[in-house]
Amino acid sequence: QVRASHILVQSQQEAQDLKTKIDNGEISFEEAAKKYSSCPSKARGGDLGYFERRVMVKEFEDAAFDAPKGSVTEPVKTQFGWHLIKVIDKK
């Protein structure tokens, strides 16, 4: 299982710009999710809780399970838009 948070935006450029600001410490991942994400999870700072394989769309799931704990992925494209995924925990 993976516990992850995400930010959902409509363009790759917007996702990349947010990742740069997060990486530079200009804004926290949670603040960025609350301010910019179009997913209802934004109310929880993007937190999706724990999930297993075959629950999320494949591109999202692969990125979340492949990324190291504590990291933020590069932008990931799915049918819903562009995501930044923060891996909070794995078990």
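Data for the structure
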{"quantity": "Coil-residue GluC sites (Glu not before Pro) of the range 18-91, DSSP, other Cβ within 10 Å capped at 16", "calculated": "E26, E52"}
{"quantity": "The chain, Cα convex hull volume normalised per residue, Å³", "calculated": "78"}
{"quantity": "Accessible surface of the chain [probe 1.4 Å, protein heavy atoms]: carbon and sulfur percent", "calculated": "49"}
{"quantity": "Only Lys, Arg (+1) and Asp, Glu (-1) charged, at Cβ; the chain dipole about Cα centre in debye", "calculated": "300"}
{"quantity": "Per-residue HN-Hα couplings for the range 18-28 [Karplus 6.51, -1.76, 1.60; θ = phi - 60°; Hz; x = Gly/Pro]", "calculated": "5, 4, 4, 5, 5, 4, 7, x, 6, 8, 7"}
{"quantity": "Accessible area in square angstrom per residue, the chain, 1.4 angstrom probe", "calculated": "56"}
{"quantity": "Percent of C-alpha pairs per 10 Å bin, the range 22-63, short to long", "calculated": "27, 42, 29, 2"}
{"quantity": "Karplus 3J(HN,Hα) series, Hz, for the range 75-84 with 6.51 cos²θ - 1.76 cosθ + 1.60 (x for Gly, Pro)", "calculated": "x, 10, 8, 9, 5, 8, x, 10, 10, 10"}
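The values are calculated or read from the model by the stated rules, or taken from the named source; none is laboratory data. All values derive from a computational prediction rather than experimental measurement. Ideal geometry is used to build each Cβ from the backbone, glycine not excepted, and the neighbour counts take in all protein chains shown. Surface areas here come from the heavy atoms of the whole protein model, side chains and all, with no ligands, DNA or RNA. Shrake-Rupley method; radii C 1.70, N 1.55, O 1.52, S 1.80 Å.
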